[in-house]
């Protein structure tokens with residue numbers, strides 16, 4: 001049974017536990033992030049967040065609680081009480097994967113904007129400290145790259161200093177870092193200008209170079225799973241299907257309401 005968008009949002013804002021607290025509850029990987037990772041609903045299909053595909057690469061004993069929300073920055077996610085909702089439910093040995101920057105970059109919006117080397121790091125530190133205080137493990141993920149190429153067909157970075165600021169913070173705080181930005185940029189470069197269109201939400205009516213369709217979400221989720229393994233956040237037996245094709249038919253979009 002799927003939760004509707006309204007039910008999910010209400011639960012987060014009220015800081016109501018999102019997963020049962022029974023003693024035999026599965027180890028849970030929480031995702032705090034923006035629209036590139038978020039659960040999408042039927043009215044948004046075929047747009048797909050990479051968090052929707054991540055469970056396909058993890059063994060069943062690890063649950064994924066995807067709390068990423070469209071349009072949020074590291075700041076607005078905290079200010080809306082969404083981090084508090086996660087921290088109210090997270091338990092020892094759980095994981096909190098944090099990916100922000102797309103909306104932190106919006107300098108014209110004071111409700112979302114953070115400066116890379118100051119407030120961005122300050123807000124990320126809240127996620128780190130909150131998870132650690134509850135015996136859970138924080139994990140930082142640099143923002144997945146947009147589809148952008150220069151005139152010579154080279155994939156170009158779009159996130160300014162935010163990935164570097166996150167890398168520096170991860171090193172300083174000794175937090176595992178998933179370098180999704182670097183890996184996704186390399187993937188777009190290897191695919192090229194035309195092939196990358198088949199990974200993003202390009203339709204007859206929309207040319208979206210930020211959000212993914214099912215193949216793109218699966219490809220990015222695979223990168224995330226690889227990084228969780230490389231950084232030893234997860235053990236080898238925790239990661240599955242890493243080198244297997246994932247059918248796009250496995251992606252589903254629950255009703256919008």
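The values are calculated or read from the model by the stated rules, or taken from the named source; none is laboratory data. Predicted, not measured: the structure shown is a model, and the values here were computed from it. Please note: Cβ atoms are built from the backbone with ideal geometry, for glycine as well, and neighbour counts cover all protein chains shown.
In a loop (DSSP other than H, G, I, E, B), touching a residue at least 40 places away in the same chain (Cβ under 8 Å) and either within 17 Å of the chain's Cα centre (by Cα) or at positive phi (or both) - does that describe any residue in region 164-181? There is at least one residue in region 164-181 that is in a loop (DSSP other than H, G, I, E, B), touching a residue at least 40 places away in the same chain (Cβ under 8 Å) and either within 17 Å of the chain's Cα centre (by Cα) or at positive phi (or both). Once region 18-32 is narrowed to residues that are at pLDDT 95 or above and touching a helix residue (DSSP H, G or I) at 6+ places or on another chain (Cβ under 7 Å), the residue that is nearest to residue 215 (Cα to Cα) is 31. When region 182-219 is limited to residues that are in a strand (DSSP E or B) and over 16 Å from the mean Cα position of the chain (by Cα), the one that is surrounded by the most Cβ atoms within 10 Å (Cβ to Cβ) turns out to be 201. All conditions but one from (1) more than 30 Å from residue 193 (Cα to Cα); (2) surrounded by fewer than 23 Cβ atoms within 10 Å (Cβ to Cβ) apply to residue 149; the one that does not is (1). For residue 160, state whether it is modelled with pLDDT of 95 or more and on the phi > 0 side of the Ramachandran plot. The answer is yes for residue 160. Restrict the check to region 232-254 and report whether at least one residue is out of contact with any strand residue (DSSP E or B) (no Cβ under 6 Å at 6 or more places or on another chain), under 20 Å from residue 100 (Cβ atoms) and touching a residue at least 60 places away in the same chain (Cβ under 8 Å). The answer is no; no qualifying residue exists. Screening region 25-51 for residues that are outside any loop (DSSP other than H, G, I, E, B) and within 9 Å of the chain's Cα centre (by Cα) and picking the one that is surrounded by the fewest Cβ atoms within 10 Å (Cβ to Cβ) gives 31.
For region 220-247, how many residues are in a helix (DSSP H, G or I) and more than 19 Å from the chain's Cα centre (by Cα)?
2
Every condition in (1) surrounded by fewer than 17 Cβ atoms within 10 Å (Cβ to Cβ); (2) at pLDDT 95 or above is met by residue 4 except one, and the failing one is (2). Residues in region 34-67 that are farther than 12 Å from residue 217 by Cβ and in contact with a helix residue (DSSP H, G or I) (Cβ under 7 Å, 6 or more places away or on another chain): 6 in all.
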